[in-house]
Amino acid sequence: MTQIDQYAVFGSPIKHSKSPTIHRIFAEQTGQELVYTAQEVTADRFESAVTEFFRLGGQGLNCTVPLKELAWRFADRKTERADSAKAVNTLALQTDGSILGDNTDGIGLVTDLIVNHEVTLNGKKLLILGAGGASRGILSPLFEQQPACIVIANRTASKAVNLADEFADRGDIKGCGFDELAGLSFDVILNATSASLSNDLPPLPEGLLAPNGVCYDLAYGNELTAFVRWGISHGAASSLDGLGMLVEQAAEAFFIWRGIRPDTAPVIELLNSER
Ligand code: ATR
């Protein structure tokens with residue numbers, strides 16, 4: 001008897017993950033037979049849990065908070081975008097038995113912006129709030145869109161400066177503290193801080209968002225995030241949260257595993273209707 005292909009998302013906390021629903025719909029849509037589960041895995045159990053998963057015939061894994069850096073260390077081989085992110089959210093068993101590590105977060109964000117919301121990044125001035133793992137993960141795919149410049153602003157300015165230095169060969173990029181944003185304006189502002197989740201916002205000066213500018217919060221929730229509300233109240237042409245990015249990063253992982261691109265629009269619509 002052949003076993004149904006097994007996939008899973010590992011993370012902690014994982015109870016509220018939407019990934020099993022997303023991948024179930026992708027599988028139904030594309031006629032793929034597979035099982036996708038969510039498993040509570042803490043950092044200290046990561047290596048044994050992943051090894052066991054693949055030993056028992058697992059084909060692919062998503063890794064989320066707090067496991068992305070560990071997954072990056074675990075993978076036998078990594079894509080360029082995973083290496084520049086220093087984080088892996090997708091592990092895929094290869095035919096030779098090795099494990100490939102990829103990171104689909106950044107391309108998920110870019111696809112949601114460009115394809116789903118028709119936001120142009122080419123030639124635009126981008127501001128990223130935050131200089132942690134979430135920011136690092138999106139820089140390489142953002143640079144591929146050839147923006148005019150990227151500024152990273154962070155509460156701890158030195159972290160933004162260091163992160164910008166790492167990507168200096170990719171294009172015009174600068175790191176700074178929030179206090180250095182006065183007088184500047186940007187076409188697209190991306191919130192990659194974890195502040196939004198605690199309904200907290202960094203101090204942002206007036207005029208920061210250019211007319212017809214776009215705001216995007218990498219986080220999402222059942223309610224509008226603090227940053228999405230900031231965008232609305234500052235006249236953003238669109239002020240979006242990361243639900244579309246979540247679905248698009250999943251679609252990219254599905255493509256890596258199964259070689260088929262699912263249709264994301266009905267899944268985004270469904271998840272939006274449920275909140
Ligand atoms: P992640 O992997 O989600 O990026 P992280 O690496 O812990 O998580 O980074 C969290 C980011 O959110 C950091 O840029 C952090 O700023 P510091 O580097 O100064 O700590 C930022 N952050 C968290 N809480 C914040 C707050 N209340 N106001 C502003 N920035 C905040």
> Once label points are set 7 Å from the Cα along Cα→Cβ at both T120 and D263, what is their separation, rounded to one decimal in nm?
Replying inline: 2.9
> If you plug each phi of the stretch 225-238 into the Karplus form 6.51 cos²θ - 1.76 cosθ + 1.60 with θ = phi - 60°, what whole-Hz ³J(HN,Hα) values come out, in order, with x for Gly and Pro?
Replying inline: 6, 4, 6, 4, 5, 4, x, 4, 6, 10, x, 4, 5, 9
>> Between N199 and E223, what is the label-point separation in nm under the 7 Å Cα-to-beta-carbon projection?
In response: 0.4
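I want the local charge near G221. Using Cβ-Cβ distances under 10 Å, sum +1 for each Lys or Arg and -1 for each Asp or Glu among the other residues.
Numbers: positive: R275; negative: D217, E223, D241.
Once all neighbours under 10 Å are counted, the net charge is -2.
Counting Lys and Arg as +1 and Asp and Glu as -1, each charge on the Cβ, what is the dipole of the chain about the Cα centre in debye, to the nearest 20? Mind showing how you got there, number by number?
On the way: 22 positive and 34 negative charges, 49 e Å.
Once rounded to the nearest 20, the dipole reads 240 debye.
Quick one: order I268, I22 by neighbouring beta-carbon count within 10 Å, fewest to most. Walk me through the numbers on the way to the answer.
Numbers: I268 19, I22 26.
Ascending Cβ contact count within 10 Å gives the list I268, I22.
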> Taking springs between alpha-carbon atoms closer than 10 angstrom, which of Q39, Q94, Q59 fluctuates most in the Gaussian network model of the chain?
Replying inline: Q94
> With the calculation restricted to Cα positions, what are the radius of gyration and Dmax of the chain in angstrom?
Replying inline: 18.6, 66
> Lys/Arg Cβ at +1, Asp/Glu Cβ at -1, dipole of the stretch 5-103 taken about the Cα centre: which of N62, S98, A85 is farthest positive-ward?
Replying inline: A85
>> I want to verify a result. In a Gaussian network model of the chain, Cα cutoff 10 Å, which of these has the top mean-square fluctuation: G60, G31, G221?
In response: G31
> Stretched out fully, how many nm does the piece from I4 to E52 gain, at 0.36 nm a residue minus the Cα gap?
Replying inline: 15.6 nm
> By how many degrees, between 0 and 90 and to the nearest 10, does the Cα long axis of helix 243-258 differ from the longest principal axis of the chain?
Replying inline: 40
> To the nearest 500 deg cm²/dmol, what mean residue ellipticity at 222 nm is calculated for the chain from DSSP H runs of n ≥ 4 alone, each contributing -39,500 (n - 2.57), summed and divided by the residues?
Replying inline: -10000 deg cm²/dmol
> Using a Förster distance of 22 Å, how high is the FRET efficiency between S185 and N272, based on the Cβ-Cβ distance and rounded to 0.05?
Replying inline: 0.15
> Taking the Cα-to-Cβ direction at T37 and at Q146 and moving 7 Å from each Cα, how far apart do the two end points lie in nm?
Replying inline: 4.8
> Of R24, R55, R77, which is the most mobile in a GNM of the chain whose springs link Cα atoms less than 10 angstrom apart?
Replying inline: R55
>> Between 0 and 90 degrees, rounded to the nearest ten: what's the tilt of helix 46-55 against the longest Cα principal axis of the chain?
In response: 40
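With a sphere of radius 13 Å drawn around the Cβ of G132, what net charge do the other residues whose Cβ falls strictly inside it have (Lys, Arg +1; Asp, Glu -1)?
On the way: positive: K68, K86, R136, R155, K159; negative: E69, D105.
Cβ neighbours under 13 Å give a net charge of +3.
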>> Net charge within 14 Å of N103 by Cβ-Cβ distance, Lys/Arg positive one each and Asp/Glu negative one each, not counting N103 itself?
In response: -1
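None of the figures in this text is laboratory data; all of them are computed from the coordinates on show. This is a predicted model, so every value here is computed, not measured. Don't worry about glycine lacking a Cβ; one is built from the backbone with ideal geometry, like all the others, and counts go over all protein chains shown.
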